[in-house]
């Protein structure tokens, strides 16, 4: 079916429909790509906050373990725990 054989009353709505579909596909693609970027940034920020809190908790636990080991006079345990926690935090 050739487009020039259709009457003008059918060609114009068909052309407008194709144009609107093309614009909507382009717009949808841009919106979805922006949404993906935004979600990626937000998930990364959430993961950063979570890992920062986890590191802080490990450091605070490390301080408590160190102080408890020192108070009980357990220098070997103190060194082992300090090394393990340091390895976990630096990982």
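The values are calculated or read from the model by the stated rules, or taken from the named source; none is laboratory data. This is a predicted model, so every value here is computed, not measured. Reconstructed Cβ throughout: ideal geometry from the backbone, glycine too, with neighbour counts over all protein chains shown.
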query = Out of curiosity, is residue 68 modelled with pLDDT under 65 and surrounded by 12 or more Cβ atoms within 10 Å (Cβ to Cβ)?
reply = yes
request  = Could you grab me the full set of residues in segment 19-62 that are more than 30 Å from residue 86 (Cα to Cα) and more than 18 Å from the chain's Cα centre (by Cα)?
outcome  = 19, 20, 21, 22, 23, 24, 25, 26, 27, 28, 29, 30
